[in-house]
Amino acid sequence: MRARKPSSLALSVGLILSVVAGGAEPPAFSTGEKARVFGVREVELRGGRVVGNPFDVPVTVRFTPPSGAARAVTVSAFHDGEDVWRARTYVSEAGEWTWTSECATDAALHGRRGKFVAVPSELPGRLLPHPKNPRHWITENGRWFLNLSDTAYFLLCAHDGNGEPVTDAVARRYIADDAARGITSVRCFLSSSSAGFSESQDQWRSWFFADATLDRFRLEKLQVADRRLRMLLDAHPGIAVQLILFPLEGYARDGLFWVALTPVQRERLLRNLVARFAAYPQLFWLFVNDAHYGEKNPNNNALAREVGAYLARHDPWQHPRSTGHARRLPFVFGAEDWATYVHIEHAHDLGAAQYAPYHAFAKPVFLGEDRYEQDHAERDPLHMRYWQRRLFWSWLLSGGSTNYG
């Protein structure tokens, strides 16, 4: 539902609350006594002695907004190393919030409580279906979202596709360069391998799993993505992030890794990813990139549908959801409710011909990859800037959006 612009009274109350709570405007990602509307508020909890897997400790935090219990959100807290658990909420309204924790297995995590004050802000908020045209997005502050996208696969990662380190300083410079050029969204892998990019089951282990049991997570990888998303929200809140959750096991292959995990392992991974990342307002989910779906790929289909259904049930803030089809393949999930936008790939679609087959679904259509200028120099347009402008304009005027590569 589209959020209303704060009234002058609400702004006045917010300013008063800001002064009372102590001065300067808080960051978009807050851990203090004040938070900003359309930002993130985090609570840190300290646990006792853990017996068993800390990623299975059943601790939840209930965040109650000023409007009352009917709009409260209960989230899972996630283990973040040693005795630390964190819980996050997206801040949807101004005023005084309260929170309380529950945990049946650790008294140190149970019954904690607190409060914070949220003040109005100029943050854009979540991507939502446009109320006048569901084929487009609007940000929660009421502005139409113009999706001008750049591929930045390793922006959130510790290593790039060659296994070289990606530092925070490099990430900051890269995203500042994008912002200066008017880019409004980036496509990013959640994690990467220190051995470089490949398409294999090893990528799953390198992205997520700390040992051969596949029951514990590589916190250092998740923490890098976390830190970069926080930096993006604080420094460039107008740039959305298409977060690619899982690696591609192999091009034109029906993946085996996901379906070989037990239901408990799959639920644990999804629960921890939602707990850590879903409160970020700038996200839109993409489950896998470059995958093949349809009758010949039942395992890939199963992953997409299971992850889509899980996020539909458990993402409290209902970020846009889709999964990435390989180049020139039709999107096969357009009529399914969990897929709230269509993600396709093509090449040299300067006339936006691939938009028309999906118009009837009344969902945003995103050509997430058209071509890469470095891959086939012999096919490069003579006038690249003109080519790029034509691609973006044709897709926009046809009703969708695109990313040239």
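The values are calculated or read from the model by the stated rules, or taken from the named source; none is laboratory data. Keep in mind the model is a prediction, meaning the values are calculated, not measured. Cβ: placed from backbone, ideal geometry, glycine included. Neighbour counts: every protein chain shown. We work out accessible area using only protein heavy atoms, side chains counted, and drop any ligands, DNA or RNA first. Shrake-Rupley method; radii C 1.70, N 1.55, O 1.52, S 1.80 Å.
Across the protein chains, with a 1.4 Å probe defining accessible surface, the residues 99, 204 rank 99, 204 from largest area downward. Mean projected area of the convex hull spanned by the Cα atoms of the range 161-281, taken over all viewing directions: 8.1 nm². The GluC sites (Glu not before Pro) found in the range 184-292 that occupy coil by DSSP, while having at most 15 further C-beta atoms within 10 Å, are 199.
The length gained by stretching the chain between residue 194 and residue 122 to full extension, at 0.36 nm per residue less their Cα-Cα distance, is 22.1 nm. Between residue 73 and residue 360, the contour length at 0.36 nm per residue exceeds the alpha carbon distance by 99.9 nm. Once the Cβ-Cβ distance of residue 260 and residue 53 is raised to the sixth power relative to R0 = 22 Å, the FRET efficiency obtained is 0.70. Each label point was placed 7 Å from the Cα along the Cα-to-Cβ direction; for residue 181 and residue 318 their separation is 3.5 nm. Based on C-alpha pairs under 8 angstrom that are at least 6 apart in sequence, the range 62-205 has a relative contact order of 15 percent. In a DSSP loop and with at most 12 other Cβ atoms within 10 Å, the trypsin sites (Lys or Arg not before Pro) in the range 235-298 are 296. Other residues with beta-carbon under 15 Å from the beta-carbon of residue 329 carry, at +1 per Lys or Arg and -1 per Asp or Glu, a net charge of -3. When only Cα pairs below 8 angstrom with a gap of at least 6 residues are kept, the chain shows a relative contact order of 13 percent.
The distance between label points at residue 169 and residue 373 comes to 2.7 nm (points 7 Å beyond Cα on the Cα→Cβ vector).
Taken as Cα centroids, the range 114-161 and the range 282-298 sit 21 Å apart, rounded to the nearest whole angstrom.
Here the chain has 54 percent of its accessible surface on carbon and sulfur atoms, given a 1.4 Å probe and all protein chains in place. At the residue level, residue 168 shows approximately 40 square angstrom of accessible surface with a 1.4 angstrom probe and all protein chains present.
List the residues of the range 257-297 whose backbone N lies under 19 Å from a point placed 7 Å from the Cα of residue 234 along the Cα-to-Cβ direction. Backbone N within reach: 276-283. Solvent-accessible area per residue in the chain equals 44 Å², computed with a 1.4 angstrom probe and all protein chains kept.
Here the range 328-405 is treated as a sphere whose radius is the Kirkwood value from Cα pairs; by Stokes-Einstein at 20 °C and 1.002 mPa s it diffuses with a coefficient of 165 µm²/s.
Sorted largest first by accessible area at a 1.4 angstrom probe radius, with every protein chain in place, the residues 144, 387 fall in the order 144, 387. Listed by chain and number, the lysines placed with their C-alpha closer than 19 angstrom to that of residue 132 are 5, 363; residues fewer than eight positions away on the same chain are left out. Can you give me the orientation-averaged projected area of the convex hull built on the Cα atoms of the chain, in nm²? Average projection, Cα convex hull of the chain: 20.4 nm².
Sorting 167, 323 by accessible area puts them as 167, 323; the probe is 1.4 Å, largest comes first, and only protein heavy atoms count.
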